[in-house]
Every structure is written in structure tokens, then in C-alpha cells.
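Colleague: Before we start, here is the structure in question, set down as C-alpha cells.
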Amino acid sequence: MILAFLAAVLAITNLMGGRFGDNQIVALNEKESAYSWYESKSIKQTLVRGQRDILAALVEAGTIEADRIDAVNSMMESFQSEVDRYDSEKTEILLGSAAVGEENWAQDVDGEFGQVVGAEEWEVKENTLDDVGNLMDSATLFLEVSLVLGAISLIFHSRSLKRMFFIFMNVLGATGTVISVIGIWRGFTI
């Protein structure tokens with residue numbers, strides 16, 4: 001009966017471990033996507049900053065006619081506004097909408113503001129799921145070894161050996177079950 005129970009716990013542990021592993025892959029992909037998005041905003045910001053700086057250098061060098069200075073200054077202000085907007089967008093992409101607060105939402109997702117899950121949020125989730133996966137792997141190891149010890153205990157004719165393997169099976173099975181429960185609990189609280 002105990003062997004059947006431990007086999008059921010092992011099956012549940014493997015099932016949940018696979019689910020958390022899949023979730024970890026999703027979190028890893030989302031994290032990488034968010035960092036790529038962040039980098040694309042950085043490149044765009046650098047290009048706009050370069051345009052602003054070129055105009056500033058031309059004004060400073062005196063190559064812009066006096067009657068066009070106001071128009072060039074207006075363009076530089078527009079470029080600076082874009083640079084500032086990219087800063088806000090990058091911050092939200094890095095930290096997430098929840099972390100920057102509604103007053104600082106700058107980036108929309110499918111036309112809606114406040115929907116950005118930040119790269120750092122995905123990284124925390126991915127790391128937590130990695131830890132959960134390690135717990136589930138440890139639980140699986142303890143449960144599998146306990147099943148092997150239980151099967152061995154059935155083979156022996158000596159009561160003392162049978163008892164010793166039965167006790168080891170229970171200790172390892174209980175340890176694996178506790179680790180599995182902790183892993184499943186942590187996996188669902190992410």
C-alpha cells in the first residue's frame with residue numbers, strides 16, 4: 001500500500017515538475033523578449049540622441065543661418081522629448097508597469113497601457129521556477145530511491161533486512177513527499 005502511495009506521489013511530482021519546467025521555459029523566453037525590446041528602444045534612443053547632438057553641434061559651430069535657429073532649436077527640443085520618452089519606455093520595459101506606477105506608464109501593449117511585465121519580473125519568475133524545478137528533481141530522486149528500496153525489501157527473507165529497507169523506504173519517501181509538497185506550493189505561489 002505504501003509503495004502504491006509513493007508511486008502516486010512520484011507521478012504527481014513528475015507531472016508538476018514538467019508543468020513548472022514548461023512555465024520556466026515560457027518565463028525565460030519572455031525575459032529574453034523583454035530584454036530585446038529594451039535593447040531596441042536603446043538603439044532608437046541612441047539614434048535620436050545622435051540627431052539632436054548633430055543639430056546642437058551645427059548650431060554651436062555657426063553653420064545654421066540665424067533665421068533658422070528657432071526651427072532647429074524646436075527640432076532639438078522635439079528630439080529631447082523623444083529621448084526622454086524612450087527613457088520612460090525603457091524603464092517600464094525593464095521594471096514592469098506595476099513597478100513604475102500608473103503615473104509613469106509610457107509603453108502600451110496592444111493599445112493598452114499598464115500591461116507591461118518587466119524583464120526583471122520575468123527574470124525573478126524564471127529563477128524561482130528554476131529553484132522549484134530543482135526541488136522537484138530532488139523530490140523525484142528521493143521518491144524513486146524509496147521505491148527501489150521498497151521493492152528490495154519485498155525480496156529479502158530476513159525480517160531484519162526487510163525491516164531495515166522498509167524503514168529506509170519510508171524515510172526517503174517521506175522526505176521526497178515533503179520536498180514535493182514544498183516545490184508544488186512554491187510553484188503555485190509564483
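Colleague: Among the numbered criteria (1) outside any helix (DSSP H, G or I); (2) at pLDDT 95 or above; (3) of a type outside the set (S, T, N, Q), which single criterion is violated by residue 157?
Modeller: Every listed condition holds for residue 157 apart from (2).
Colleague: May I ask you to list pairs of residues, at least six apart or on different chains, whose Cβ atoms are under 7 Å apart, with the first in region 59-85 being of a type in the set (Asp, Glu) and the second being open to solvent by less than 70 Å² (accessible area, probe 1.4 Å) and in a helix (DSSP H, G or I)?
Modeller: Sorted first by the residue in region 59-85, then by its partner, the pairs are 82/48.
Colleague: Something else about it: Out of everything in region 96-146 that is free of Cβ contacts under 8 Å to residues at least 24 places away in the same chain and buried (at least 16 other Cβ atoms within 10 Å of the Cβ), what residue ends up being farthest from residue 10 (Cα to Cα)?
Modeller: Within region 96-146, the match that is farthest from residue 10 (Cα to Cα) is 106.
Colleague: Let me ask something else. Could you tell me which residue of region 147-159 is farthest from residue 10 (Cα to Cα), considering only residues that are under 39 Å from the mean Cα position of the chain (by Cα) and open to solvent by 20 Å² or more (accessible area, probe 1.4 Å)?
Modeller: 149
Colleague: Still on this model: I'd like to verify a number: residues in region 160-189 that are farther than 18 Å from residue 11 by Cα and touching a Gly at 6+ places or on another chain (Cβ under 8 Å), how many?
Modeller: 2
Colleague: Let me ask something else. All but one of (1) surrounded by 14 or more Cβ atoms within 10 Å (Cβ to Cβ); (2) without any contact (Cβ under 8 Å) to a residue 12 or more places away in the chain; (3) assigned to a helix (DSSP H, G or I) hold for residue 18; state the number of the condition that does not hold.
Modeller: Failing condition for residue 18: (1).
The values are calculated or read from the model by the stated rules, or taken from the named source; none is laboratory data. These figures come from a predicted structure and were not determined experimentally. Cβ atoms come from the backbone with ideal geometry, glycine included; neighbour counts cover every protein chain shown. Just the protein is used for accessible areas: all its heavy atoms, side chains included, with ligands, DNA and RNA removed. Shrake-Rupley method; radii C 1.70, N 1.55, O 1.52, S 1.80 Å.
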